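Taking it in order: structure first as structure tokens, then the write-up.
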Amino acid sequence: MAVFLALFAGACGGEGGVEMPESERNAVREASVDFAGALVAGDNERACALTTDAEMCLETLAVAEEHLIDAELFRLALGENWRARIRAANVTFSDVNHATIAPIMAGDGSDNELVRRSGKWLTVVDENSLVLEVED
């Protein structure tokens, strides 16, 4: 049985349409570090609270855990020096409330989408961004 989980594969935001200050790029990077850190720590509730749809996130992570996808696997998927890699990742903005960050999971080719809500950057979670595929 093969199990694949792509947690950060959000919709591509395309080329940056808005120039934003470095402080905003850093805020997006830190939001991604916080989300990834919660996953690595096995704190699904905290991780999902940092997304646009906590309920969908928690449901997907519960299914993932049934298939033995846990914090250790997230740690392996992120690879070594993941915090430094995220903090150096390219960030673009399609508008002042929508950003994409370069892929942060090892081997992931998709940009990760974040949105700003009430001044806080959240990882986008929708039917395209949390993918759990199980093959027998």
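Quick notes on this structure:
- The residue that is surrounded by the fewest Cβ atoms within 10 Å (Cβ to Cβ), counting only those in the stretch 62-96 that are in a helix (DSSP H, G or I) and in contact with a strand residue (DSSP E or B) (Cβ under 9 Å, 6 or more places away or on another chain), is V63.
- Hits in the stretch 37-47 (condition: out of contact with any strand residue (DSSP E or B) (no Cβ under 9 Å at 6 or more places or on another chain) and assigned to a helix (DSSP H, G or I)): G37, A38, L39, V40, N44, E45, R46
- Residue list for the stretch 73-84, filter: out of contact with any helix residue (DSSP H, G or I) (no Cβ under 8 Å at 6 or more places or on another chain) and more than 14 Å from F35 (Cβ to Cβ): L73, L76, E80, N81, A84
- For E24, the conditions (1) modelled with pLDDT of 95 or more; (2) crowded, with 18+ Cβ neighbours inside 10 Å all hold with the exception of (2).
- Boolean, L50 is surrounded by 19 or more Cβ atoms within 10 Å (Cβ to Cβ), under 14 Å from the mean Cα position of the chain (by Cα) and at pLDDT below 95: no
The values are calculated or read from the model by the stated rules, or taken from the named source; none is laboratory data. These figures come from a predicted structure and were not determined experimentally. Virtual Cβ from ideal backbone geometry, glycine too; neighbours counted across all protein chains shown.
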